[in-house]
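Just passing along the structure, written as structure tokens.
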Amino acid sequence: MDGITGCYSPGDTDLVQKTFLATGAVQHRGKASAGLAVGGVKGIHIHKGIGGIADVVEEETLRIFQDLEPVAAIGNVGYTKNKIPEKRNAEPILVKPRRDSRYTVVLTMNGRILDDAELQGELDDAYTFDTVNATEVLGALLHRCIEEQGLTFAAGRRLVDLLHGSGTFALTALVHDGAETCLVALNDSRAFEPFCFGTVGDAFLASSESCSHRRLGGHAQREYAGGEMTICSSGGVETRRLRTETEMPDAFQAVYFGNSASAYRGAEIFRLRMGLGHMLAKTYGNTEADVVIPNPESGRGVSHGIAEGLGKPLLPGLVKQAQAIRTFQEASRSKRKMQVAVKFAAMDSFLAGRRIIMGDDSIVKGSVSEGGAVWSVYNAGAKALEFWVSYGPMFFPSFKEWRRGRDCLDELAVQRAFRGDNPYDKTPEEINAKVAALLGVDRVCYNTPANVRAVIGPGCYQALDASYPISERYWPVWLKEEVEHFSHYR
């Protein structure tokens with residue numbers, strides 16, 4: 001889950017600063033690495049490293065990059081590519097053809113290509129690979145398409161067709177053709193990854209989220225449709241739809257990943273999260289709870305909706321510590337448990353002796369029960385704790401986790417709660433009760449899938465019903481068997 005940006009603004013003396021700020025606005029999307037690349041008449045320059053964007057790109061770097069008189073820049077904040085972040089996997093990445101080429105390509109991507117190892121094998125004779133990052137493979141494919149078709153929409157269509165059904169991506173790239181640097185923005189045919197564009201003054205800006213445009217004092221024009229491409233060059237800025245398929249935007253962006261102030265399919269994410277809370281209040285209104293508290297920070301929106309819907313006070317029962325990080329990004333369960341343990345501080349005066357509803361975005365693995373938010377609330381003296389969840393029961397893992405094998409299925413909270421049993425033929429009440437026992441709380445209230453869809457709208461709900469944006473021929477055997485089992489009962 002990277003955050004990517006691309007800015008095109010020839011003659012702009014603040015171009016590099018704008019790209020830095022726009023990239024910093026999506027810092028919540030990745031903590032492992034960061035980088036910027038700028039391009040002008042003479043070529044493309046890259047600066048990247050391990051850490052957040054403000055740690056990697058210092059003020060002197062911004063000044064030097066601006067002195068190069070760039071016309072375009074791209075930025076990245078990176079999600080963990082391996083258990084241990086490595087600088088070689090940081091983005092943006094330079095594509096390295098083995099033979100002389102008219103085109104220099106530097107890119108950054110948010111997404112996952114499932115058959116990247118096979119694709120790399122096909123490209124090994126023509127390209128050198130220095131990373132274990134699928135972005136480099138995507139870059140080689142993009143470079144090959146541009147070599148064949150020129151920097152055209154036909155090249156973009158070729159890339160979209162090649163990867164249809166085998167992965168998802170949104171990318172920004174700088175392409176230097178020996179005379180000028182152009183900016184390219186392109187996404188997959190399903191529009192799974194969040195990606196939007198617009199102008200801020202005279203600058204064109206593409207970003208993973210609209211909060212980048214707001215950071216620069218503007219607004220995103222709209223989100224990219226599936227298979228849509230922008231080419232920015234001295235000839236102008238043009239955007240075209242290259243392939244039309246049923247779009248499957250990732251609904252979990254609205255529920256959890258996205259910045260509360262960003263837009264998802266035209267609606268402010270915080271408002272969507274409040275709407276999910278209203279649905280929970282309508283569904284589970286019979287409660288003896290005294291107050292509502294959010295599980296910070298992503299549980300704040302749904303908790304506002306719950307409190308408003310129930311007419312109960314919303315209090316800051318938990319405080320997220322300054323040293324806390326987004327623990328879902330940790331692949332190791334033991335490390336995630338340690339980080340959850342130092343994530344929260346409880347406000348005893350708001351919790352002691354009271355019956356609490358804690359609103360949260362979702363229950364994925366159930367890490368909140370392992371010395372984190374749940375423990376903190378009870379330790380502060382709460383009389384009872386109900387855990388109200390904006391999303392539905394998550395039966396299936398993200399396709400981005402498939403590489404880990406069946407473990408990514410078995411570690412999900414619902415699967416753990418029904419270990420040795422079948423969760424798919426159970427009523428919502430039975431699922432709520434089993435997961436409550438797993439987490440050690442008095443009550444769990446999942447939103448219904450119908451409620452979630454009514455608020456979020458059409459999209460990809462892979463965790464709820466295995467509606468993956470990936471062709472079934474790429475599904476692992478264990479998943480096919482599990483989905484068949486699920487379909488028999490649902």
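The values are calculated or read from the model by the stated rules, or taken from the named source; none is laboratory data. On a predicted model such as this, the values are computed, not experimentally measured, just so you know. A quick note on method: Cβ atoms are made from the backbone with ideal geometry, for glycine too, and the neighbour counts reach across all protein chains shown.
Starting from segment 437-463, keep only residues that are in the same structural domain as Ser303 (by TED's automatic domain parsing), then list their pairs with residues that are outside any strand (DSSP E or B) and of a type in the set (Asp, Glu) whose Cβ atoms are within a distance under 8 Å, requiring at least 6 positions of separation or different chains.
Pro449/Asp465; Pro458/Glu247; Gly459/Glu247
Can Ile456 be described as of a type in the set (A, V, I, L, M, F, W, C), in contact with a Phe, Trp or Tyr (Cβ under 9 Å, 6 or more places away or on another chain) and more than 26 Å from Ser303 (Cβ to Cβ)? Before the answer, list the steps.
On the way: of a type in the set (A, V, I, L, M, F, W, C): yes; in contact with a Phe, Trp or Tyr (Cβ under 9 Å, 6 or more places away or on another chain): yes; more than 26 Å from Ser303 (Cβ to Cβ): no.
Against the criterion (of a type in the set (A, V, I, L, M, F, W, C), in contact with a Phe, Trp or Tyr (Cβ under 9 Å, 6 or more places away or on another chain) and more than 26 Å from Ser303 (Cβ to Cβ)), Ile456 does not qualify.
Exactly one condition in (1) surrounded by 23 or more Cβ atoms within 10 Å (Cβ to Cβ); (2) out of contact with any Leu (no Cβ under 6 Å at 6 or more places or on another chain); (3) over 17 Å from Ala281 (Cα atoms) is not met by Ala384; state its number.
(1)
In addition: Report every pair of residues separated by at least 6 positions or lying on different chains whose Cβ atoms are under 6 Å apart, first residue within segment 103-125 and on the phi > 0 side of the Ramachandran plot and of a type outside the set (D, E, K, R), second outside any helix (DSSP H, G or I) and surrounded by 15 or more Cβ atoms within 10 Å (Cβ to Cβ).
Correct list of pairs: Gly111/Thr168; Gly111/Phe169; Gly111/Glu193.
Let me confirm something: among Val374, Val435, which residue is modelled with pLDDT under 95, surrounded by 17 or more Cβ atoms within 10 Å (Cβ to Cβ) and in a helix (DSSP H, G or I)?
On the way: Val435 fails: modelled with pLDDT under 95.
Only one candidate qualifies: Val374.
Cβ contacts < 6 Å: first residue more than 13 Å from Arg190 (Cβ to Cβ), restricted to segment 467-484; second residue hydroxyl-bearing (Ser, Thr, Tyr) and modelled with pLDDT of 95 or more, any location; separation 6+ or different chain. Result?
From segment 467-484, the pairs are Tyr474/Ser166.
Conditions (1) assigned by TED's automatic domain parsing to the domain that holds Ala140; (2) closer than 19 Å to Asp130 by Cβ; (3) in contact with a strand residue (DSSP E or B) (Cβ under 9 Å, 6 or more places away or on another chain), marked per residue:
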position: Lys48; (1), (2), (3): yes, yes, yes
position: Gly51; (1), (2), (3): yes, no, yes
position: Phe65; (1), (2), (3): yes, no, yes
position: Arg99; (1), (2), (3): yes, yes, no
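Mind listing just one residue for me: the one in segment 90-121 that is under 18 Å from the mean Cα position of the chain (by Cα) and of a type in the set (S, T, N, Q) and, of those, surrounded by the most Cβ atoms within 10 Å (Cβ to Cβ)?
Per the stated criteria, the residue is Thr108.
Please work out if Pro397 is in contact with a Cys (Cβ under 6 Å, 6 or more places away or on another chain) and not in a helix (DSSP H, G or I).
When the stated conditions are applied, Pro397 passes them.
Another question, if that's okay. Applying the selection to segment 162-200, what residues are more than 29 Å from Gly457 (Cα to Cα) and assigned to a loop (DSSP other than H, G, I, E, B)?
Scanning segment 162-200 gives Asp177, Gly178, Ala179, Glu180.
Check segment 186-208 and report whether any residue there is surrounded by 20 or more Cβ atoms within 10 Å (Cβ to Cβ), at pLDDT 95 or above, among the basic types (Lys, Arg) and in the same structural domain as His143 (by TED's automatic domain parsing). Can you show your working first?
Narrowing segment 186-208 to residues surrounded by 20 or more Cβ atoms within 10 Å (Cβ to Cβ): 186-197, 200, 203-208.
With at pLDDT 95 or above added as a condition, the list becomes 186-197, 200, 203-208.
Okay, now just the ones that are also among the basic types (Lys, Arg), so 190.
With the extra rule that they be in the same structural domain as His143 (by TED's automatic domain parsing), the set shrinks to 190.
So far as segment 186-208 goes, yes, one or more of its residues are surrounded by 20 or more Cβ atoms within 10 Å (Cβ to Cβ), at pLDDT 95 or above, among the basic types (Lys, Arg) and in the same structural domain as His143 (by TED's automatic domain parsing).
Got a number for residues in segment 222-252 being of a type outside the set (S, T, N, Q), part of a loop (DSSP other than H, G, I, E, B) and either touching a Leu at 6+ places or on another chain (Cβ under 7 Å) or farther than 23 Å from Ala267 by Cα (or both)? Walk me through how you get there before you give the answer.
Initially, segment 222-252 is screened for residues of a type outside the set (S, T, N, Q), giving 222-229, 231-232, 235-238, 240-243, 245, 247-252.
Still in the list and also part of a loop (DSSP other than H, G, I, E, B): 224-227, 235, 242-243, 245, 247-249, 251.
Next cut, either touching a Leu at 6+ places or on another chain (Cβ under 7 Å) or farther than 23 Å from Ala267 by Cα (or both) only: 227, 235, 242-243.
So the count comes out to 4.
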